[in-house]
Amino acid sequence: MIVQINCDMGESFGLWRMGDDAAILPFIDAANVACGFHASDPVVMRRTVRMAKEHGVAVGAHPSLPDLQGFGRREMKLDADELTATVIYQVGALKAFLDAEDMALNHIKPHGALYAMAARDEAVAGAICDAAEIFGVPLYGLADTVHEQVYTARGLRFVAEFYADLDYTAEGQIIITREHEAIVAEAAAARTLRAISEGLVTTIDGDEIAVRADSVCVHSDTPGAVAVAEAVRKIL
């Protein structure tokens, strides 16, 4: 069984710096690069793609709702056509930078609130599929939720994620906060190992739920993210 590590990154913007992407790249397999709607800018996108190439890290698009001020972690109401166009626009921008470096688009992973909405809303997941079909790449999401059902029914490959640095609800949803709190790297690695070996995680309420991990996600904006990624890499 091969489990990869992916990381949401490329989230700096102008003079503002978010996460230590250069330090975390040696410990991951795939980078989910922000596309400008929740974070990042053209210079950051280009730089992140180039750094990923140097480290042999695959690159996927990390499109968001158009919520730069809220870092894409606030839910918004868009109709299906508008949402599809929003995703196409962002993925297309990142793909241009990948084309310039002779790299392939590896996957699409919706960000933040858009990811959470797709996990429970068939219409949102379908709108994302309409965009993903154009690019013909896999989609990342939570196992046994609506977006897995919708993506696979449409013939798109689905990569089930486990989150090393986020809490889970009893319904199997991740708890998305405006800012990530610091966690103990060893604890994140231990829960990741349990998720992979036993297929279980303890929820915020102390319940046990089933999870599946084709890929493990670490956020670059979590305090101590580099240590978390290194610890998870060691246990894998």
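For the reader, a short list of remarks on this structure follows.
The rows are residues; the columns are (1) modelled with pLDDT under 95; (2) farther than 25 Å from residue 133 by Cα; (3) not aliphatic (A, V, I, L, M).
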{"site": "14", "(1), (2), (3)": "yes, yes, yes"}
{"site": "17", "(1), (2), (3)": "yes, yes, yes"}
{"site": "31", "(1), (2), (3)": "no, no, no"}
{"site": "36", "(1), (2), (3)": "no, no, yes"}
{"site": "48", "(1), (2), (3)": "no, no, yes"}
{"site": "51", "(1), (2), (3)": "no, yes, no"}
{"site": "54", "(1), (2), (3)": "no, yes, yes"}
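- In a residue-by-residue description of the stretch 85-93, the property of being assigned to a helix (DSSP H, G or I) and in contact with a strand residue (DSSP E or B) (Cβ under 6 Å, 6 or more places away or on another chain) applies to at least one position.
- Residue within the stretch 142-165 that is within 27 Å of residue 93 (Cα to Cα), in contact with a His (Cβ under 7 Å, 6 or more places away or on another chain) and either buried (at least 22 other Cβ atoms within 10 Å of the Cβ) or not polar (S, T, N, Q) (or both) present: yes
- Any hit, the stretch 83-96, residues being of a type in the set (D, E, K, R), touching a helix residue (DSSP H, G or I) at 6+ places or on another chain (Cβ under 9 Å), at pLDDT 95 or above and on the phi < 0 side of the Ramachandran plot: yes
- Within the stretch 142-181, the set of residues being in a helix (DSSP H, G or I) and not hydrophobic (A, V, I, L, M, F, W, C) comprises 147, 148, 149, 151, 152.
- Hey, residue 172 on the phi > 0 side of the Ramachandran plot, at pLDDT below 95 and more than 17 Å from the chain's Cα centre (by Cα) or not: no
- Exactly one residue out of 5, 24 is in a helix (DSSP H, G or I), within 21 Å of residue 227 (Cα to Cα) and at pLDDT 95 or above, and it is 24.
- Looking across the stretch 27-44, just one residue is part of a helix (DSSP H, G or I) and surrounded by 23 or more Cβ atoms within 10 Å (Cβ to Cβ), and that is 44.
- Condition check for residue 100: hydrophobic (A, V, I, L, M, F, W, C), closer than 27 Å to residue 125 by Cβ and at pLDDT 95 or above: no
The values are calculated or read from the model by the stated rules, or taken from the named source; none is laboratory data. Computed from a prediction, not measured in an experiment: that's the story for all the values here. Glycine also receives a Cβ, built like all others from the backbone with ideal geometry; neighbour counts cover every protein chain displayed.
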